[in-house]
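The values are calculated or read from the model by the stated rules, or taken from the named source; none is laboratory data. Bear in mind that the values here come from a model prediction, so they are computed numbers and not experimental data. Methodologically, a virtual Cβ is constructed for each residue, glycine included, from the backbone with ideal geometry; neighbour enumeration extends over all protein chains shown.
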Amino acid sequence: MKLVSVNVGLPRPVEWRGRRIMTGIFKEPVAGRVAVRRLNLAGDGQADLSVHGGVHKAVYAYPSEHYPFWRRELELTDLPWGAFGENLTTEGWWEDEVHVGDRFRAGTAEFVVAQPRTPCFKLALKFDRDDVVDRFLESGRPGFYLAVVKEGELGAGDPFERIHEDERHVSVVDVVNLYLHRHARPDVDLLRRVVEVEALPEAWREHFRKRL
């Protein structure tokens, strides 16, 4: 379990389908140690802070193991680390075994898993194809957002270790499945556990309270 790559990028303007859009989705791997701050990594930023960034979306992690899948699905041979806008490309942790509320350490920084990613149109912009947003979410490979519990520094090659496992055992995939299948009969026990996970942002918990 380790960090394969650390990726950052500042918002920049992009012309897309006749519109000028500011986006921070373009990330590139960086060498050396990178400072972890409460709201982001040094050298990183988000364009629209009403839906991106903030305490519960400070750092985005994505498993490196998903890259071969997406190379096949999107028919792309060139898919460098950071292609999905992630800050941390990880190895060894998949979304079905990472729980909301789990705590991780990388370098001298500590994080808590806050929520899955539900991508917006900027992922379509990144790959210039409309279908990628739905395919990304439905694939069960959404990655996960981390809130910063302890500031510090990290770098590629550092161990990415779980130091606390949330006792409710609500995985990132569990949350995504409940969200996607909102019109199906829900797993009531799972819903009850989800609304009790304090690390999950209040908007998510309120959504699931209404489901209950």
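General observations
- Residue that is modelled with the highest pLDDT [pool: residues in the range 24-66 that are among the β-branched types (Val, Ile, Thr) and out of contact with any strand residue (DSSP E or B) (no Cβ under 8 Å at 6 or more places or on another chain)]: ILE25
- When the range 62-83 is filtered for residues that are among the small types (Gly, Ala, Ser) and more than 21 Å from LEU125 (Cβ to Cβ), only SER64 remains.
- Flag for ARG72 being at positive phi, modelled with pLDDT under 95 and surrounded by fewer than 17 Cβ atoms within 10 Å (Cβ to Cβ): no
- Residues satisfying the stated conditions in the range 74-108, i.e. closer than 29 Å to MET22 by Cα, hydrophobic (A, V, I, L, M, F, W, C) and outside any loop (DSSP other than H, G, I, E, B): LEU88
- Filtered residue count, the range 1-20, keeping only those that are in contact (Cβ under 8 Å) with a residue 60 or more places away in the chain and either of a type in the set (Gly, Ala, Ser) or crowded, with 17+ Cβ neighbours inside 10 Å (or both): 7
- Checking each residue in the range 163-174 for being buried (at least 17 other Cβ atoms within 10 Å of the Cβ) and closer than 12 Å to VAL113 by Cα picks out ASP166, VAL170, SER171, VAL172.
- Summed over the range 12-47, the residues that are within 18 Å of ALA114 (Cβ to Cβ) and charged (D, E, K, R) give a count of 3.
- So ARG71, is it under 24 Å from HIS207 (Cα atoms) and part of a helix (DSSP H, G or I): no
- Scanning the range 151-170 finds no residues that are under 30 Å from SER64 (Cβ atoms), at pLDDT 95 or above and part of a helix (DSSP H, G or I).
- Condition check for ASP158: more than 19 Å from VAL59 (Cα to Cα) and of a type in the set (D, E, K, R): no
- Within the range 69-91, residues that are of a type in the set (Val, Ile, Thr) sit with their Cβ atoms under 6 Å from residues that are assigned to a helix (DSSP H, G or I), at 6+ positions apart or across chains, in these pairs: THR89/SER64.
- Boolean, ARG185 is in a helix (DSSP H, G or I), over 16 Å from GLY143 (Cα atoms), of a type in the set (Lys, Arg) and over 21 Å from the mean Cα position of the chain (by Cα): no
- Of all residues in the range 188-201, those that are assigned to a helix (DSSP H, G or I) and either under 21 Å from HIS56 (Cα atoms) or free of Cβ contacts under 8 Å to residues at least 24 places away in the same chain (or both) total 7.
- Evaluating ARG33 against the criteria (1) surrounded by fewer than 19 Cβ atoms within 10 Å (Cβ to Cβ); (2) basic (Lys, Arg); (3) more than 21 Å from ASP158 (Cα to Cα) leaves one unmet condition, (3).
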